[in-house]
Amino acid sequence: MEENKKLISCKTCGKEVAKVAKTCPHCGSKNRKPIYKRFSFYLLIIFALIIMYSGNDTEPVPEIVYNIGNTISTDKFELVVTSVETKNKVGTKYFNSTPSEGGIYVAVQWKCKNISNEPISSWDLPTIYLYDSNNTRYSTDIDASSNYATEIEPDRKVFSDLNPNITTTYSHVFEIAKENYENDTWTLQVNADENVKVKIK
């Protein structure tokens, strides 16, 4: 009740109007909240997302390094990198990609099984990155990865939960300078509930 008694000045006609009124009873103008109040909620969400994703750069590096084909178990997942190959083109006749001049594609296929007793949200599924010997992190080439998916048709989960005891196959493509790839050592890091590292070259 006290809230209803608070008065503010109408920004259009200047007359007093209840703070909670949607329109001014004198001139009919809308009683809008300041922009900073209307958008503060969305700004908080954006800020929280920035903090969440910026934390990914400081995740601990695994001490144990696995090999291609090894079955790796964490508390929630069973992970296997099944295939790593270099390619000069990925995709099908109508959906394909070629690397930039001097580049090469590193195409990766891997499997992920939910070994927990609960469904796992798509937001909590593992992510994968490629690292060189200087610990420089390479993210997947989204366009090439999408075209590679049309070639091998993985059964990955994009926006749905991964239910218990279900295994899905994922594919990712990284674009690397050919000279760098040939003359360096490379590992994949799968970030899950426990980060794991797989030597690929």
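The values are calculated or read from the model by the stated rules, or taken from the named source; none is laboratory data. Nothing here was measured: the structure is a model prediction, and the numbers come from that model. Here Cβ is always computed from backbone atoms with ideal geometry, including for glycine, and neighbour counts include all displayed protein chains. Just so you know, the surface numbers come from the protein's heavy atoms only, side chains and all, with ligands and any DNA or RNA stripped out. Shrake-Rupley method; radii C 1.70, N 1.55, O 1.52, S 1.80 Å.
List of remarks:
- Comparing 152, 165, 181 along the charge dipole axis of segment 131-192, the residue lying farthest to the positive side is 165, per the Cβ-charge model.
- Probe 1.4 Å, all protein chains present, accessible-area order of 110, 123, largest first: 123, 110
- Among 159, 174, 95, the sequence by solvent-accessible area, most first, with a 1.4 Å probe is 159, 95, 174.
- Using a cutoff of 8 angstrom between alpha carbon atoms and counting only pairs six or more residues apart, the relative contact order for segment 115-170 works out to 51 percent.
- Each Lys and Arg contributes +1 and each Asp and Glu -1, all at the Cβ; summed about the Cα centre of segment 75-159, the dipole is approximately 120 debye.
- Per-residue ³J(HN,Hα) for segment 114-123, Karplus 6.51 cos²θ - 1.76 cosθ + 1.60, θ = phi - 60°, Hz, x for Gly and Pro: 7, 9, 8, 9, 10, x, 10, 4, 4, 6
- For segment 83-201, the share of alpha carbon pairs falling in successive 10 Å distance bins from zero is 13, 43, 32, 12, 1 percent.
- Computed over protein heavy atoms with a 1.4 Å probe, the accessible surface of segment 107-154 works out to 51 Å² per residue.
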